[in-house]
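The values are calculated or read from the model by the stated rules, or taken from the named source; none is laboratory data. As the structure is a computational prediction, the values presented were derived from the model and not from experiment. Cβ placement follows ideal geometry from the backbone for every residue including glycine, while neighbour counts extend to all protein chains displayed. All accessible areas refer to the heavy atoms of the entire protein, side chains included, with ligands and DNA or RNA removed. Shrake-Rupley method; radii C 1.70, N 1.55, O 1.52, S 1.80 Å.
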Amino acid sequence: MKELMKANNWLSGIQWLFFIFTNIVVIPITVGEAFELPQESIVSLLQLSFIVTGIACMLQALVGHGRAVMEGQSGLWWGVILTLVTTASAQGMPLDVLGGSISVGVIISGIITVIIGLSGLGTYLAKLFNSAVMGVFMFLLGAQLVGIFMKGMLGIPFGNAAESGSIQLPIALLSIIIVTIVIFINIKAKLSIRRYSLLIGIIAGWILYIILFDSETSAAGIAGLQVSVTLFPFGNPKVDIGIIITIVLTGLLNIANTFGALKGTNNIYRNETTNIQYRASFTITGAVSAISGFLGLVPYSPYVSSIGFLKQTGDIRRLPFVLGGFLFVLMGLIPPVGGFFSTLPLSVGSAVLFVSYVLLFHSSLDFFKQVKFNTVNVYRSAVPLFVGIIIMTMPASYFTTLPSIIRPLVSNGLLMGILLAIVLESIVDWDRYGE
């Protein structure tokens with residue numbers, strides 16, 4: 001109780017609140033826009049995201065892996081879902097069929113992740129995600145997410161409208177200014193200011209957007225709404241085998257985030273993550289993700305970006321992290337808060353997260369440094385990287401001739417690159433070709 005009365009714990013908790021907020025706020029808004037949901041439904045998604053994320057963070061810290069590592073809506077899942085919306089719309093699949101199938105796949109994936117946690121299978125799966133695979137994973141994840149943010153920065157809409165969208169020059173110029181401001185703060189500012197660079201970027205960018213474009217979007221009209229929980233907001237459960245297979249595989253590959261986040265904090269906490277911690281972490285991630293399938297939320301995983309936050313602040317205590325999660329839940333329980341933040345311009349949020357996620361390039365390099373490459377074994381990573389990137393640049397229409405059951409998977413460069421990296425590492429002993 002004495003610790004709860006200390007001001008520095010609450011100040012650190014507020015700092016965690018800002019970090020969680022900047023990473024989460026754009027995700028439900030972009031997904032809601034992609035599925036063409038009305039504003040009221042987007043507000044509900046945003047508030048549910050705040051509540052579930054805050055609870056997930058507290059659970060992980062108290063009964064999960066026990067570390068101050070953010071549990072949030074996964075960037076891998078987010079990128080795959082947005083990509084599926086784009087490809088499905090180009091191939092003529094109705095959004096309710098896509099959304100219903102995604103929900104079924106997410107629930108199945110969450111259950112599988114719980115089984116992995118309870119059974120301890122995560123220890124064996126960890127062997128598949130060596131440094132070469134993690135390097136490919138981080139690079140392609142960054143490439144896909146940064147590509148999504150780039151479109152948002154240019155004013156190109158999400159979902160079906162993206163095909164007929166075009167670059168909005170005034171919005172693009174403002175986005176470039178926001179990116180420049182955030183990067184400048186990260187390079188030049190003091191540590192005490194640099195840790196809030198994302199928040200500063202959102203506030204400054206939002207104000208500039210309103211001033212320059214006289215935004216008519218206001219939370220006033222929706223501030224009084226009593227947000228209700230709607231099951232399956234993207235469409236009632238459907239069974240499209242190709243979509244479900246793709247989603248389940250995404251869930252299996254998503255465990256790379258758990259390994260990356262927890263292994264990455266071993267040096268910070270000065271001890272190795274135990275099997276018990278992995279099992280507890282997977283169980284909570286799976287349970288929360290399964291619930292997300294019913295609520296229409298992007299599924300969860302530990303955030304690798306927490307490593308940088310812990311290094312910047314030097315504060316690895318659990319209590320401030322738990323307090324940050326608690327405050328985030330409170331934000332979600334107040335309807336006007338969700339209504340207000342749902343009006344955040346997507347171009348502003350995209351610009352800020354663009355700066356944040358280009359740092360995945362550094363994470364990728366850190367993993368690749370652990371691999372001794374030469375002209376022979378470089379294929380282990382070069383092939384998955386180039387194949388994944390090339391698929392990302394291909395129009396969705398190119399894949400219409402493929403069987404529908406494999407089309408969603410094969411047309412996703414991120415998933416294909418990661419799967420190819422795992423296969424190559426599993427069937428070839430690359431260490432024989434070292435030196």
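Average projection, convex hull of the Cα set of region 1-159: 12.4 square nanometres. In this label model, Val378 and Leu62 are separated by 5.2 nm, measuring between points 7 Å along each Cα→Cβ vector.
Taking every protein chain into account, the 1.4 Å probe leaves Asp96 with about 70 Å² of accessible area, to the nearest ten. The amide H of Gly72, built 1.01 Å from its N in the peptide plane, has Ser301, Tyr303 as neighbours under 5 Å, considering only residues 5 or more places off or on other chains. Ordered by 1.4 Å accessible area with all protein chains kept, Arg407, Arg279 run largest first as Arg279, Arg407.
Counting only C-alpha contacts under 8 Å and six or more residues apart, can you give the relative contact order of the chain as a whole percent? Before the final figure, lay out each step's value.
Values: 714 pairs, mean separation 153.6, N = 435.
With pairs under 8 Å counted, the relative contact order is 35 percent.
Loop only by DSSP, 14 or fewer other Cβ within 10 Å of the Cβ. Give me the chymotrypsin sites (Phe, Trp or Tyr not before Pro) in region 1-73 that pass, ordered by residue number. All intermediate terms of the calculation are to be shown ahead of the outcome.
On the way: sites: Trp10, Trp16, Phe18, Phe19, Phe21, Phe35, Phe50; in loops: Phe35.
In loop regions of region 1-73 (DSSP not H, G, I, E or B), there are no sparsely surrounded chymotrypsin sites (Phe, Trp or Tyr not before Pro).
Computed from backbone phi, the HN-Hα couplings of region 124-136 come to 7, 5, 4, 5, 6, 9, 7, 5, 5, 5, 5, x, 5 Hz, rounded to whole numbers (Karplus: 6.51 cos²θ - 1.76 cosθ + 1.60, θ = phi - 60°; Gly and Pro given as x). Each peptide in 249-256, 325-332 gets a packing score, the mean of other Cβ atoms within 10 Å over its residues, and the list from highest to lowest is 249-256, 325-332.
Per residue, the chain exposes 43 Å² of accessible surface when a 1.4 Å probe is rolled over the protein heavy atoms with every protein chain present.
Per residue, the chain reaches -21500 deg cm²/dmol at 222 nm when only DSSP H runs of four or more residues are counted, each adding -39500 (n - 2.57). The residue list Thr393, Val358, Ala382 was ranked by how far each Cα lies along the charge dipole of region 306-435 toward its positive end, using unit charges on Cβ atoms, and Val358 comes out on top.
Modelled label positions at Val248 and Asp315, each set 7 Å beyond Cα in the direction of Cβ, lie 4.4 nm from each other.
In the chain, the C-alpha radius of gyration followed by the widest Cα-Cα span (Dmax) gives 20.8, 66 angstrom. Working note: Karplus 6.51/-1.76/1.60 with θ = phi - 60° gives region 182-190 the couplings 5, 5, 4, 4, 5, 8, 9, 6, 5 Hz, where Gly and Pro are set to x.
A simple spin-label model places pseudo-atoms 7 Å from Cα toward Cβ; at Val229 and Leu208 they are separated by 4.0 nm.
Of all the accessible heavy-atom surface of the chain, with the other protein chains kept in place and a 1.4 Å probe, what percent is carbon and sulfur? Kindly include the intermediate steps, with their values, before the conclusion.
On the way: 12540 of 18530 Å².
Summing carbon and sulfur atoms, their accessible area is 68 percent of the total for the chain.
Grouping the Cα pair distances of region 280-433 into 5 Å bins from zero gives a pair-distance distribution of 1, 6, 8, 12, 16, 17, 14, 11, 7, 4, 1, 0, 0 percent in increasing distance order.
Once C-alpha pairs closer than 8 Å and six or more residues apart are averaged by separation and normalised to the residue number of region 223-332, the relative contact order reads 33 percent.
Work out, in µm²/s and without decimals, the Stokes-Einstein translational diffusion coefficient of region 339-378 at 37 °C, 0.692 mPa s, Rh from Kirkwood over C-alpha pairs. Display every interim value, and only then the final one.
Working: Rh = 13.0 Å.
Value of D from the Cα-based Kirkwood radius: 252 µm²/s.
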